[in-house]
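Shown next, in C-alpha cells, is the structure this report addresses.
The values are calculated or read from the model by the stated rules, or taken from the named source; none is laboratory data. Bear in mind that the values here come from a model prediction, so they are computed numbers and not experimental data. When we count neighbours, we look across all protein chains shown, and the Cβ atoms used for this are built from the backbone with ideal geometry, even at glycine.
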Amino acid sequence: MKKIELKDTRSGFGAGLLEVGKINKNVVALCADLTGSLKMDAFEKKFPKRFFQIGIAEANMMGIAAGMTIGGKIPFTGTFANFSTGRVYDQIRQSIAYSAKNVKICASHAGITLGEDGATHQILEDIGLMKMLPGMVVINPCDYNQTKNATIAISKYFGPVYLRFGRPKVPNFTKDEEFVIGKGIQLSKGLDVSIFATGHLVWEALEASKKLNEYNISCDVINITTIKPLDNDLILKSVKKTKCAVVAEEHQILGGLGCSIAQLTSQKFPIPINFVGINDSFGESGNPMELMKKYKIDKNSIVSAVKKVIKKKAN
C-alpha cells in the first residue's frame, strides 16, 4: 500500500496560486502581512508587480481588492480565517458580496487545528458568516491536492468566493485532479449511514468508517468540499439509501454544513441526523490533535455519533 504523505493545505493554496498566476496575467495577490504563513511567497517572487503587501490592514485589503476587479483584475486576498471574515465582515458584505465583485477571499489557519495560537485566532463561525452572504461561494477542501486544485478552479469562476484551509499537516489522500465547484465526492459506499464531512474532518470520517466496519456498519462517506452551492442531488441520493446521517465539521454546529444538510433533508427527505462539530464554545490553546479529541471532532466522536443515529433510525 502506498504511504500517504502529510502536507498542509495552506501549501496547496500557495502552489495553486502560483499556477494560476502563470495561467492568467490578470490574477493579482494581496496579503495582510502574512506572506510566509499563507505560502504566497512563491507568487510574490515570480510576479512581484502583481503582489501587494497591504500590511495589518485587512479591511483596507478587502476594499482595494474590490476596486481592482473594476479594472478586470482577479484579486486573491490572503490572511488568517479570523481576519478574513470576522474582522472584515462589513467590507466583504458591502464592497464585495453586495456588488458581486470577482474577489477570491482565501483564508488560512481556520478552525481549532490552528492550535497553539488559541481561541482569539481559532475562528469557528466563518463558514456560517460567509454562506449567508447572497452569491458567495464557500469552499472547504480536505487536503493539499484539493486545496491546490480548488484555488485553480476559483480563478476561472466569476464572482465572490470564500476558500478556507488550514495550518497543520494532514494526510494528502485525494487524487490530483480538476476541482469542480458545487460537486461532492463519494469516498466510500455503504448502506447503514451517510457520513458527510468537510475539511480536516474528511480524513477522520474515513478512519471512523474503517472502525465502524468492525461493527458491521457500512458507511457512505461523502466529502462535501463545496458548502455553498451544496450538492443536493448527491446528498439526497445517499440519505434515501441509508435513512440516517452524521455531519462532521471543524466549525460551530450552529450555522455550519450540518445546518445546511439538515435544512435540505427536512424539506426533501426527513431523517435522523447527528452532528459532530464545536458545540457553542470557543477553542483554546493546545496541540491540534489533542484539541480535536477534547472538543469531540475526531474519528472516535464520529463513530459514537454514528452508533447513536443508527439507534434513532431503528426506533
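For the range 69-83, which residues satisfy the criterion of being outside any strand (DSSP E or B) and either of a type in the set (A, V, I, L, M, F, W, C) or under 18 Å from Y157 (Cβ atoms) (or both)?
T69, I70, G72, K73, A81, F83
A quick yes/no check of all residues on (1) more than 17 Å from D126 (Cβ to Cβ); (2) in contact with a strand residue (DSSP E or B) (Cβ under 9 Å, 6 or more places away or on another chain); (3) among the polar types (S, T, N, Q):
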residue	(1), (2), (3)
S238	yes, yes, yes
Q267	yes, no, yes
K293	yes, no, no
I310	yes, yes, no
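Regarding V202, is this residue assigned to a strand (DSSP E or B) and β-branched (V, I, T)?
no
Restricting attention to the range 126-156, which residues are part of a loop (DSSP other than H, G, I, E, B) and closer than 18 Å to I224 by Cβ?
Passing the criteria: M132, M136, N140, P141, C142, D143.
Of all residues in the range 189-204, how many are touching a Lys or Arg at 6+ places or on another chain (Cβ under 6 Å) and among the basic types (K, R)?
Total meeting the criteria: 0.
Go over the candidates N149, N140, N145 one by one and state the one that is modelled with pLDDT of 95 or more, within 28 Å of S281 (Cα to Cα) and polar (S, T, N, Q).
Just one listed residue meets the conditions, N140.
Look at G190 and say whether it is assigned by TED's automatic domain parsing to the domain that holds I139 and either closer than 22 Å to I105 by Cβ or touching an Asp or Glu at 6+ places or on another chain (Cβ under 7 Å) (or both).
no
If I ask for residues that are in contact with a Lys or Arg (Cβ under 6 Å, 6 or more places away or on another chain) and hydroxyl-bearing (S, T, Y), which ones from the range 91-120 would you list?
S108
This table checks each residue for (1) among the hydrophobic types (A, V, I, L, M, F, W, C); (2) assigned to a helix (DSSP H, G or I); (3) closer than 16 Å to A107 by Cβ.
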site	(1), (2), (3)
L17	yes, yes, yes
K22	no, yes, no
K25	no, no, no
L38	yes, no, yes
K49	no, yes, no
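Among the residues in the range 102-117, are any surrounded by fewer than 20 Cβ atoms within 10 Å (Cβ to Cβ) and on the phi > 0 side of the Ramachandran plot?
No, the range 102-117 contains no residue that is surrounded by fewer than 20 Cβ atoms within 10 Å (Cβ to Cβ) and on the phi > 0 side of the Ramachandran plot.
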